[in-house]
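Q: First, the structure itself, so that you have it in front of you.
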Amino acid sequence: MSMLRIIAISFASLFVAAESSAQSFPFVIAGDDGSPSVTNRSVLLADGVPEDFVSVKDGHFVVAEQRIRFWGVNLCFGANLPTHDEADRLVPHFAKLGINAVRFHHMDMQDAPNGIWAPVNEAGVRNLDPKMVDRLDYFLAKLHDNGIYANINMHVSRTLSEAEGYPAVDGVPWWAGSNKWVMYYDRDVQQEVKRYCADLLTHKNPYRDNKRRVDDPGLALVEMLNENYFSEKGYDLYRQMPERFQTSLILRWNQWLLKKHGDESKMLAAWKDDQPQLGKFVIPAAAWKSSAADWVISQPPAGIKTTFGNPFPQQGSALRLEPGAVTEQDYRQQLRYHGITLEKGKPLTLSYWVRADETRQYRSEISSSAGGEWRELGLFETLTATASWQKVQRIILPPESLDAEANLSFTFGSDVTAIEFAGVSLQAGSAAGQLPSGQSFATSSIGIPESGWPAQAHQDMKQFMIDTEVEWAAELKAHLKKLGVKVPVTASQVNYHNQRVHDEVNDFVDLHNYWHHPLFPSGENWSAERWTVGNDPMEAQPARSSWPANSLLMRTGWRNSGKPMTLSEWNYPEPSPYSSGCVPMAATLACLQDWDAVFFFDYDAFSRGNIEDPFFRNYSANFFSFNGQPVKLAILSQCANLFLRGDLAPLERELVSHPDAPIDGRMALQAKLGVSSSSSAVEVRPSDYAQLVTADRSVEWSANGSEEGHIQLRTDATKGFWGTIANKTADLKGVQFEAGDVSPNYGTVLLSSADGLDTASSKSLVLLVAGHSQNQDTVWNAEHNSVGTNWGHGPTKVTSFELTVTMPGDRLTKCYALDGEGQRTVEVPTKVVGSNVVIEVGPKYETLWYQIAR
């Protein structure tokens, strides 16, 4: 980057900071405020949960035959277990915000007071901590008495320890930690999960008339698992498992083989008969004598020293790669081959040689981003290279067909140790060898298929994983039903399972998604100190779907038709000038698509002792939490009207495709989208993302695909305008908004009636005008994409901007600025122009919201 460019960026940053400062002021929405006010949404909640249980009817949640939606938040770690005093203060605040459901998440990870466990006892058993169970009992009772339901997650992050008799599982991807992968097949792990379910769900709550949790209608939903992959990730992970978990996998595999084939001779005959031969080269063996040829080497700023023609003992020559530095994200340094064609289920053989100057790790993968969604395609494996040349062979079974849109990649950005590759080839078919000696049904010792095994053995292994995944989900659900669970149950999220789990087991289907999820350094699953978060508006890039910024629009096609759809994790993480779009985006798309629940991630997730009085702080403490983030909290309150009250009607038209070919999300403003295994693939031409609009213009989304985009919301009772709206005007069904300068250029405007009437006739409306929030004395890094642990202090400052509102009214129409509790502070002048009233608001009133009263 040139010095001139750096100076320009620095000057622009200073200018934005100065403008933002002129529009900012302290503003707090207290974590224990439940006071009556025009912003109080508790009227949308039931007066205590009714006696009827949540069930499913006609593809939606119902209570006593009446449709119910859930507008909720997540609580994690210590936040699940408030003291009695904290619960007394917190629950009315939730009700005031319009929260009618809480998702209890990561409660099973830690010992008390940040989790529900007592320490492992002398017998090697981990039991529930009585004091934490009492806190949970009381908290649930307060929630249910205020009309707030519970979504309890069973296994999220518990890790069986060596003290409990289980080996440590180290160096595996995040999705395999916490026993997530091994629980699908290991009977002992499964029994521990079942025991926890029984202990938690059959406990009698003394604050709820001694009801067992399963007998309490305040329990709305149960999620059995969380982000648990198994069959979708293949079996390469087996090699990284400790012997204890390798042995239990082989045992279940042999039991499955015996059930399918009957005896060993029939199995071997079937494998031989179905063996495809090696065919043409999809990627010919790389020569690399003087150039990378058809291969691409990604070059980070520090560069990679590349040497072609290195001596290679077996054949040809090798490519040597010497990274100049470690990259925060290891995929920034890759050796890639583009344009591979795959045919679903047709095996391919990958072969290559590898060595490194010293022992180091690297990753091999076959993947694609075709259609805007990155996914692996039969190979995603972390391996270890040593100083000696090793030959690696893998059989790839593509899960989908692609025409020249897949890539083979070797990722090595996590280490500066030089690495060499040679003889890389990808060939259709596979070569069948002999099974290793000593393996038989008689001793349950048929191993996990390796590259030299028949292709059908690999096909069997894939089917075994699918069957085992479905079996465990069904078995755990049956266990919950036997315990007395009466409410809808799901396993893991929609893209973590084979479709059979959704078809055969899940009562509802869940989704997780983030726009700019924090990124952590390669090799670290989580870090509170080293992280970065991207900063650009989703409204400008509706079709973007590449980790870590996944447009929610592009996930709408994943709904399973005929079953309730929930979004149990969603956020635009902080700190970001664009985060005010988080809540209205979810509310709008969920309404149009007729989804059944939205749980924002999260309200809070803290460890006791790290933050003083954590529930009632006046500042943002991390990239996810809504607590202490007044902009998101105020918008959460406004959008409760949209989702719970039903101000925005769902689309009537429905388009349903096959799960292998979900409909492009850009159709989501024209029809409810879904998938069904009984449907054929539907070919539709998606709308240009530059102009997405519903037929009745209730929602209109304009974007340029890069930096600018905004949404206009037109309903009778709620109207909205958000995105890059500086100096723009919106005409919203009789109400006009004209925004002034917004710095940075992003803001949210929402006008909603307090009584559910049309905004033209309602006697009381709430107007919200918000930019973003930031703690005082926050310290950014040079790239302005992280604050590390330097979050600053409260009270948090928010930004607003000049806005002119023109709407039907007369001289009796009044406007009042409101404080954080929604109480009036000062009157804002109004003027009558013809049959309209004109109201001019802005930062000088030092508020995010106003009451307009007639």
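The values are calculated or read from the model by the stated rules, or taken from the named source; none is laboratory data. Given the structure is predicted, the values throughout are model-derived calculations rather than measurements. Glycine gets a Cβ as well: all are built from the backbone with ideal geometry, and neighbour counts include every protein chain shown. Surface accessibility is based on the protein's heavy atoms, side chains included, excluding ligands, DNA and RNA. Shrake-Rupley method; radii C 1.70, N 1.55, O 1.52, S 1.80 Å.
Q: Assign one of three labels to the range 641-696, namely rounded, prolate or oblate, based on the Cα gyration tensor with a ≥ b ≥ c the square roots of its eigenvalues; rounded applies when a/c is under 1.5, prolate when it is not and a/b is larger than b/c, and oblate otherwise. Please list the in-between numbers first.
A: Values: a/c = 2.76, a/b = 1.45, b/c = 1.90.
Note, shape of the range 641-696 comes out oblate.
Q: Run the reach check for LYS482 against lysines, Cα to Cα strictly under 21 Å, same-chain hits fewer than 8 apart removed. What comes back?
A: The qualifying lysines are LYS194, LYS204, LYS211.
Q: Something else about it: Leaving out ligands, DNA and RNA, and with a 1.4 Å probe, what % of the accessible surface on the chain is carbon or sulfur? Before the final figure, lay out each step's value.
A: On the way: 15720 of 31900 Å².
Within the chain, the accessible surface is 49 percent carbon and sulfur.
Q: Let me ask something additional. Of TYR496, GLN427, GLN463, whose Cα points farthest to the positive end of the dipole of the range 419-501 (charges on the beta-carbon: +1 Lys, Arg; -1 Asp, Glu; origin at the Cα centre)?
A: Final value for the positive-end residue is TYR496.
Q: If I fit a long axis through the Cα atoms of helix 84-97 and take the longest principal axis of the Cα atoms of the chain, what angle between them do I get, 0 to 90°, rounded to 10?
A: Roughly 70 degrees, rounded to the nearest 10.
Q: Right, something else. With no solvent and one point on each alpha carbon, what is the Debye value of log10 I(q)/I(0) for the range 770-854 at q = 0.11, 0.14 Å⁻¹?
A: -0.43, -0.60
Q: If we count every other residue with Cβ under 14 angstrom of LYS266's Cβ, Lys/Arg +1 and Asp/Glu -1, where does the sum land?
A: Values: positive: LYS259, LYS260, LYS272; negative: ASP263, GLU264, ASP273, ASP274, ASP460.
Cβ neighbours under 14 Å give a net charge of -2.
Q: Taking only protein heavy atoms into account and a 1.4 Å probe, give the accessible area per residue of the chain in Å². All intermediate terms of the calculation are to be shown ahead of the outcome.
A: Values: 31900 Å² over 854 residues.
Ligands and nucleic acids excluded, the result is 37 Å² per residue.
Q: Here's another thing I want to ask about it. Rounded to the nearest 5, what % of the DSSP beta bridges within the chain are antiparallel ones? Please report the intermediate quantities before stating the final value.
A: Numbers: 124 of 161 bridges.
The antiparallel fraction comes to roughly 75 percent.
Q: In what order, largest first, do HIS784, HIS60 sit by accessible area if the probe radius is 1.4 Å?
A: On the way: HIS784 100, HIS60 40 Å².
From most exposed to least exposed: HIS784, HIS60.
Q: Right, here's the next one. With every protein chain present, what accessible area does ARG252 have (1.4 Å probe, heavy atoms only), rounded to the nearest 10 Å²?
A: Here the residue's solvent-accessible area equals roughly 20 Å².
Q: With only Lys, Arg, Asp and Glu charged, each at its Cβ (+1 for the first two, -1 for the last two), find how big the charge dipole of the range 255-295 is about the Cα centre; round to the nearest 20 debye. Write down the numbers at each step before the final one.
A: Values: 6 positive and 5 negative charges, 10 e Å.
Charge dipole, the range 255-295, about its Cα centre: 40 debye, nearest 20.
Q: Counting Lys +1, Arg +1, Asp -1, Glu -1, what net charge surrounds ASP216 among other residues with beta carbon under 11 Å of its beta carbon? All intermediate terms of the calculation are to be shown ahead of the outcome.
A: On the way: positive: LYS204, ARG208, LYS211, ARG212, ARG213, LYS486; negative: GLU51, ASP137, ASP209, ASP215.
Value of the local net charge: +2.
Q: Could you work out the helix-only [θ] at 222 nm for the chain, with each DSSP H run of four or more residues adding -39,500 (n - 2.57) and the total divided by the number of residues, to the nearest 500 deg cm²/dmol?
A: Details: 10 runs with 154 residues, N = 854.
Calculated from helices alone, the mean residue ellipticity at 222 nm is -6000 deg cm²/dmol.
Q: Among the lysines, select those whose C-alpha is under 19 Å from the C-alpha of LYS346, and discard any that sit fewer than 8 residues away in the same chain.
A: LYS233, LYS272, LYS280, LYS462
Q: Give the aspartates and glutamates whose C-alpha is closer than 20 Å to that of LYS844, dropping any in the same chain fewer than 8 places away, or say none.
A: GLU19, GLU738, ASP741, GLU802, ASP819, GLU821, GLU827
Q: Follow-up question, since we're still on this one. Write down the percent of antiparallel bridges among all DSSP beta bridges whose residues are both part of the range 500-615, to the nearest 5.
A: Numbers: 4 of 13 bridges.
Here the antiparallel bridges make up roughly 30 percent for the range 500-615.
Q: Compare the Cα positions of SER637, SER678, ILE611 along the charge dipole of the range 611-715 (+1 at Cβ of Lys, Arg; -1 at Cβ of Asp, Glu; about the Cα centre) and return the one farthest towards the positive end.
A: With unit charges placed on the Cβ atoms, the residue in question is SER637.
Q: To the nearest 10 degrees, how steep is helix 187-201 against the longest Cα principal axis of the chain, on a 0 to 90 scale?
A: Between the helix axis and the principal axis of the chain, the angle is about 20 degrees.
Q: Shape call for the range 487-617 from the C-alpha gyration tensor, a ≥ b ≥ c root eigenvalues: rounded (a/c under 1.5), prolate (a/b greater than b/c) or oblate?
A: Details: a/c = 1.67, a/b = 1.41, b/c = 1.19.
Judged from the Cα gyration tensor, the range 487-617 comes out prolate (a/c at least 1.5, a/b above b/c).
Q: Report, in debye and to the nearest 20, how large the dipole of the chain comes out about its Cα centre when Lys and Arg carry +1 and Asp and Glu carry -1 on their Cβ.
A: 740
Q: Tell me, rounded to the nearest percent, the portion of alpha carbon pairs in the range 382-470 spaced more than 19 Å apart. Working shown, then result.
A: Details: 2298 of 3916 pairs.
The calculated P(r) of the range 382-470 puts 59 percent of pairs beyond 19 Å.
Q: Now for a different question. Round to a whole angstrom and tell me the spacing of the C-alpha centers of the range 166-240 and the range 45-72.
A: If you average the Cα positions of each part, the centres end up 25 Å apart.
Q: Got a sec? What order do LYS563, LYS57 fall in by accessible area at 1.4 Å, biggest, i.e. largest, first?
A: These residues rank, largest area first, as LYS57, LYS563.
Q: Same structure again: Ratio to report: Rg/Rh of the range 133-232, with Cα atoms as the point set and Rh obtained by the Kirkwood method; give two decimals. Please report the intermediate quantities before stating the final value.
A: Working: Rg = 15.9 Å, Rh = 15.1 Å.
Rg divided by Rh gives 1.05.
Q: Considering only C-alpha atoms, what is the centroid distance from the range 623-691 to the range 561-593, in Å?
A: 9
Q: A further question on this structure: Compute the acute angle (0 to 90°) between the alpha-carbon long axis of helix 3-22 and the principal axis of greatest extent of the alpha-carbon atoms of the chain; round to the nearest 10°.
A: Approximately 40 degrees, to the nearest 10.
Q: Let me ask something else. Mind putting a number on the dipole of the range 705-854 about its Cα centre? Charges go on the C-beta only, +1 for Lys and Arg and -1 for Asp and Glu, and I need it in Debye to the nearest 20.
A: Values: 12 positive and 17 negative charges, 101 e Å.
My answer is approximately 480 debye.
Q: Given N residues in the range 641-784, what is its alpha carbon radius of gyration divided by 2.2 N^0.38 Å? Don't skip to the end; give the middle numbers.
A: Details: Rg = 18.5 Å, N = 144, 2.2 N^0.38 = 14.5 Å.
In units of the globular-protein estimate, the range 641-784 measures up at 1.27.
Q: Can I ask one more? Taking only the alpha-carbon atoms of the range 351-427, what semi-axes of the equivalent ellipsoid follow from 5 times the gyration tensor eigenvalues under a square root, in whole Å, largest first?
A: Values: eigenvalues 126, 38, 17 Å².
For the range 351-427, the semi-axes come out at 25, 14, 9 Å.
Q: Continuing with the same structure: Which net charge results for the neighbourhood of SER545, defined as the other residues with beta-carbon distances under 13 angstrom from its beta-carbon, given Lys and Arg at +1 and Asp and Glu at -1?
A: Numbers: positive: ARG375, ARG544, ARG555, ARG666; negative: GLU373, ASP664.
Charge balance in the 13 Å sphere: +2.
Q: Please give, to one decimal in nm, the separation of the simple spin-label points placed at ALA198 and LYS391, each 7 Å out from Cα toward the Cβ.
A: About 5.2 nm, to one decimal.
Q: Here is a follow-up. Using the alpha carbons of the chain, what is the convex hull volume per residue in cubic angstrom, as a whole number? Walk me through the numbers on the way to the answer.
A: Working: hull volume 144.2 nm³, N = 854.
Each residue corresponds to 169 Å³ of Cα convex hull volume.
Q: For ASP467 and SER55 in the same chain, what is the full-extension length gain: residue separation times 0.36 nm, less their Cα-Cα distance, in nm? Can you show the working numbers first?
A: Values: separation 412, 0.36 × 412 = 148.32 nm, distance 2.73 nm.
Full-extension gain reported as 145.6 nm.
Q: Let me ask another. How much accessible surface area, in Å² rounded to 10, belongs to the heavy atoms of GLU65 with a 1.4 Å probe?
A: Roll a 1.4 Å probe over it and GLU65 shows about 120 Å².
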